[in-house]
Amino acid sequence: MKDEIAESNRQLQEAWKLYARVSPGGETFDRDGLAFANAKQPWFLMNVSALRTPATDEADLTRRAREASEYFSALANPWVLTGSQDWFGPKADSVLSAVGLVHKTDVMGMVAERLLRATRPFPQVELRRTSDEETRLALADLNTDSYEVPREWGRLALGNAALCETPLFGTVAYIIGEPASGAFALPIDDALYVGWVATAKAHRRKGLAELVMREILAEAKKVTGLDRTILHATAAGHPVYLRMGYRDVVNFPIYGPA
């Protein structure tokens, strides 16, 4: 289990470092037990500091949190601090509150060695690879609409052509010419990391997220040979992933400035 927890932490860090590297002006570095992936964007999810190792005690967690706060406050970017719950320690909420950080939300680190067979038919859709500006922006808009943040933020995060020049397997499902669901997968180490899964409100509960995930992972496997997949699930996506064959590894709390 410890190996899977470390893997889940590393996958998240490496994915967000990639997003920062391809963002204009973005930067990434590791320092004093922290990984920094700062895309320097208005969407707080794109500017991340993550624990690289478990905090040894409350004083160590306080030191790391202050260092992250000092770095991001100098840049005036909204940002978050994350890592697996066990790495923060049992009193993380109170320790981080003392340095001005509050618990915002959680995602669940999950893994699947292989997907289970689909248990229901999928609707008829048109599948398009995220290989041009239209599909990149469609995926961005699906995500920002789901998170209820300005579309401009998502387009800055996911619309960058440089992101699609990396080994990335992305698909958007269209229904009657309109984007309905999308996601992409990245090969990181010996696994495929699934990210940015989103479905338009009008098309939810139809199996579209599962459909596009199965499509991107099948395509990625053809190229990489990888079966093992990892993701970090929101509460809304968690039941879908369990049904597909993913299992929980560890919770990731997300903290941000009060």
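The values are calculated or read from the model by the stated rules, or taken from the named source; none is laboratory data. Here the structure is a predicted model, which means the values were calculated and not measured. Cβ atoms come from the backbone with ideal geometry, glycine included; neighbour counts cover every protein chain shown. Surface accessibility is based on the protein's heavy atoms, side chains included, excluding ligands, DNA and RNA. Shrake-Rupley method; radii C 1.70, N 1.55, O 1.52, S 1.80 Å.
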Unit charges on C-beta of K, R, D, E only; dipole of the stretch 146-208, Debye: 420
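Mean Kyte-Doolittle of at least 0.0 plus a Cα span of 18 Å or more along the axis: flag which DSSP H helices in the chain meet both, please.
On the way: long enough: 2-22 (31 Å, -1.08); 58-73 (22 Å, -1.19); 133-147 (21 Å, -0.70); 208-224 (24 Å, 0.48).
Qualifying helices, which must be both long enough and hydrophobic enough, are 208-224.
Quantify how much of the Cα-Cα distance distribution of the stretch 110-258 extends past 18 Å, in percent.
When all Cα pairs of the stretch 110-258 are counted, 56 percent exceed 18 Å.
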Estimated dipole of the chain in Debye, rounded to 20 [Cβ of Lys and Arg +1, of Asp and Glu -1, Cα centre]: 600
Entry for volume of the Cα convex hull per residue in Å³ (calculated from the structure that is shown) out of [x] 119; [y] 148; [z] 202: [x]
Whole-number percent relative contact order across the chain, with pairs defined as alpha carbons under 8 Å at least 6 apart: 24
Candidate residues Arg243, Arg21, Arg136: accessible-area rank, largest first, probe 1.4 Å: Arg21, Arg243, Arg136
Net +/- balance of residues flanking Arg136 in space, Cβ distance below 11 Å, scoring K and R +1, D and E -1: -1
His232, His103, ranked by accessible area, largest first (probe 1.4 Å): His103, His232
Sum of -39500 (n - 2.57) over DSSP H runs of 4+, divided by residues of the chain (222 nm, nearest 500): -11500 deg cm²/dmol
Using θ = phi - 60° and Karplus 6.51 cos²θ - 1.76 cosθ + 1.60, couplings along the stretch 245-250 (whole Hz; Gly, Pro as x): x, 6, 10, 5, 10, 6
